[in-house]
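Chemist: Starting off with a structure, shown below.
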Amino acid sequence: MSRALEGLLVVDLTVEFWGSIGAALLADFGAEVVRIDPVLAPPRDEGDEPPGAWNGLAELAQRNKRSLALDLATGRGRELARALVAKADVVITDRPRRALADLGLDYASVAAARPDVIYARGSGFGSRGPDADLPALDEIAAARTGMMPILPQPGEPPVYPGHGQMYTSVMLAFGVLTALHHRRQTGEGQEVDTSLLAGNMYGASLDLQAYLAIGGERMLQPISRLDAGNPMSGTMYMSADGPWVTLTMPDTDRWWPLFAPLVDLEVADPRFDTHDKRCGSNRLEMMQVLEAAFRRRPAAHWRAMFQEHQLSADIIESYDFPIADPQVYRNRYLLALDDPSHGAQTMLGFPIFMSETPARLFRGAPCRGQHGAEVLHDVLGLSEDAVTALRADGVIG
């Protein structure tokens, strides 16, 4: 089976999880991604997996890649890195610009060696402006978007959503593919930048664009669960056994004839027989009635009723639900693996379906430097003796 990005050489200079995911998305669809790793292992963090354990985050971020371990503190290591990027169709990085310039791996240096290169960088706050060189920290970027204060219930501290960096990963890969399309038409390379700030703003786009259009102090403050404008849309109610029910039926007139009997109400109940009553004069009363109704039966009952009547509603689940859901395996959103060293494991799969050139897991995350000899031979044409000498000098791992 062919691969959509087969023949595309990508050099991965990322150091952060979200940046590495951007490169992994390209690898999943067949790009030849060569990751430049340090020769020595970085210091362990307190939350790291113990040595020898299954490292799910590394497997996800580095799968389908080859690893070349280079000592970039040495002149020969930097020369090899520069030679490699000069052969690359794409360079993808999330390193600070000053650090890249010091290594001779900034855009200007790389483009001088290969003018049609696509050079994609994930930054913290964009490539321009006074904050362009601030550290790329998702927590700080998220704090600037305005989303964190409105996520909790009133009186609770702001909530860090954590999803902005994943939007940035996808936008990094999308930027690469857009630039490649332009290169095929014109022969021009270019620099691509997306940022954690952009990812967090895009993740908040529904609320942020609504604020831009409407404004008002109300949109800057968290909203109580029982202060929603529509009892049947965007409102949550607890079931008898604890899980919460979420309703998404903004056009209440459409759904009311099916929904009302399920919650022990008459369709013609004079308190709620019009949309204006349900969402206006009797809104709070209806919320109280629904609150009591949903607490009378367990979550499984409500899900069965929603599915039977094809209502736009469901149960809010925790992470243990998708790992047992056949739907996610059927669509390869999760992959069940049989790792030769660690046995049965589960990892995130592929968020995009393509009928003729699907994403594939054809290589697990590499050990540091695992493919150094073959990369130096295949891409740079180095002999076995030259590679052996580099390894003896500590230039490669």
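The values are calculated or read from the model by the stated rules, or taken from the named source; none is laboratory data. Model, not experiment: these values are computed from the prediction. Cβ atoms come from the backbone with ideal geometry, glycine included; neighbour counts cover every protein chain shown. Accessible surface areas use protein heavy atoms only, side chains included; no ligands, DNA or RNA. Shrake-Rupley method; radii C 1.70, N 1.55, O 1.52, S 1.80 Å.
Chemist: Inside segment 353-380, can you point out the residues that are of a type outside the set (D, E, K, R) and either without any contact (Cβ under 8 Å) to a residue 40 or more places away in the chain or not in a loop (DSSP other than H, G, I, E, B) (or both)?
Modeler: 353, 355, 372, 373, 375, 376, 377
Chemist: Here's a follow-up. Going by the structure shown, is residue 374 surrounded by fewer than 16 Cβ atoms within 10 Å (Cβ to Cβ) and closer than 23 Å to residue 86 by Cα?
Modeler: Here the answer is yes, as residue 374 does meet what is asked.
Chemist: Would you point out the residue of segment 115-125, among those that are open to solvent by 10 Å² or more (accessible area, probe 1.4 Å) and in a loop (DSSP other than H, G, I, E, B), that is nearest to residue 90 (Cα to Cα)?
Modeler: Ranking the candidates gives 116 first.
Chemist: So residue 79 fits all but one of (1) of a type in the set (D, E, K, R); (2) in contact with an Asp or Glu (Cβ under 9 Å, 6 or more places away or on another chain); (3) surrounded by fewer than 15 Cβ atoms within 10 Å (Cβ to Cβ); what number is the exception?
Modeler: That leaves (2) as the condition not met.
Chemist: Which of the numbered conditions does residue 37 fail, given that it passes all the others? Conditions: (1) open to solvent by 10 Å² or more (accessible area, probe 1.4 Å); (2) touching a Gly at 6+ places or on another chain (Cβ under 8 Å); (3) closer than 19 Å to residue 179 by Cβ.
Modeler: (3)
Chemist: If you don't mind, there's one more thing I want to ask. Is it the case that some residue within segment 194-216 is modelled with pLDDT under 90, in contact with a Ser or Thr (Cβ under 6 Å, 6 or more places away or on another chain) and not in a helix (DSSP H, G or I)?
Modeler: Scanning segment 194-216 turns up no residue that is modelled with pLDDT under 90, in contact with a Ser or Thr (Cβ under 6 Å, 6 or more places away or on another chain) and not in a helix (DSSP H, G or I).
Chemist: Counting only residues that are over 29 Å from residue 290 (Cα atoms) and surrounded by fewer than 16 Cβ atoms within 10 Å (Cβ to Cβ), how many does segment 198-210 have?
Modeler: Matching residues across segment 198-210 total 2.
Chemist: Assess whether residue 357 counts as being open to solvent by less than 30 Å² (accessible area, probe 1.4 Å) and polar (S, T, N, Q).
Modeler: Yes: the conditions hold for residue 357.
Chemist: Could you look through segment 40-67, keep only residues that are under 26 Å from residue 395 (Cβ atoms) and in contact with a Gly (Cβ under 8 Å, 6 or more places away or on another chain), and pick out the one that is surrounded by the most Cβ atoms within 10 Å (Cβ to Cβ)?
Modeler: Looking at the filtered set, the residue picked out is 67.
Chemist: Out of (1) polar (S, T, N, Q); (2) in a helix (DSSP H, G or I); (3) out of contact with any Asp or Glu (no Cβ under 8 Å at 6 or more places or on another chain); (4) open to solvent by 30 Å² or more (accessible area, probe 1.4 Å), the odd one out for residue 169 is which?
Modeler: (4)
Chemist: Which of the residues that make up segment 230-275 are open to solvent by 60 Å² or more (accessible area, probe 1.4 Å), more than 20 Å from residue 298 (Cα to Cα) and touching a Lys or Arg at 6+ places or on another chain (Cβ under 7 Å)?
Modeler: 271
Chemist: Now for a different question. Which of the residues that make up segment 93-114 are surrounded by fewer than 19 Cβ atoms within 10 Å (Cβ to Cβ) and not aliphatic (A, V, I, L, M)?
Modeler: Matches in segment 93-114: 96, 97, 98, 102, 104, 109, 114.
Chemist: Still on this model: Among (1) modelled with pLDDT of 95 or more; (2) open to solvent by 70 Å² or more (accessible area, probe 1.4 Å); (3) in a loop (DSSP other than H, G, I, E, B), there is one condition residue 129 misses while meeting the rest; what is its number?
Modeler: All conditions pass for residue 129, except number (2).
Chemist: Something else: Looking only at residues that are outside any helix (DSSP H, G or I), in contact with a helix residue (DSSP H, G or I) (Cβ under 8 Å, 6 or more places away or on another chain) and within 23 Å of residue 105 (Cβ to Cβ) in segment 133-166, which one is least open to solvent (accessible area, probe 1.4 Å)?
Modeler: The extreme case among them is 136.
Chemist: Being at pLDDT 95 or above, assigned to a loop (DSSP other than H, G, I, E, B) and polar (S, T, N, Q): is that true of residue 388 here?
Modeler: no
Chemist: Looking only at segment 310-356, filter to residues that are of a type in the set (D, E, K, R) and under 21 Å from the mean Cα position of the chain (by Cα); which one of those is farthest from residue 258 (Cα to Cα)?
Modeler: By that ranking, first place goes to 332.
Chemist: Right, something else. Which pairs turn up if I take residues in segment 121-134 that are on the phi > 0 side of the Ramachandran plot and look for partners that are surrounded by 14 or more Cβ atoms within 10 Å (Cβ to Cβ) with beta carbon separation below 9 Å, at least 6 apart in sequence or on another chain?
Modeler: Between residues of segment 121-134 that are on the phi > 0 side of the Ramachandran plot and residues that are surrounded by 14 or more Cβ atoms within 10 Å (Cβ to Cβ), the close pairs are 126/132; 126/193; 126/194; 126/195; 126/197; 126/198.
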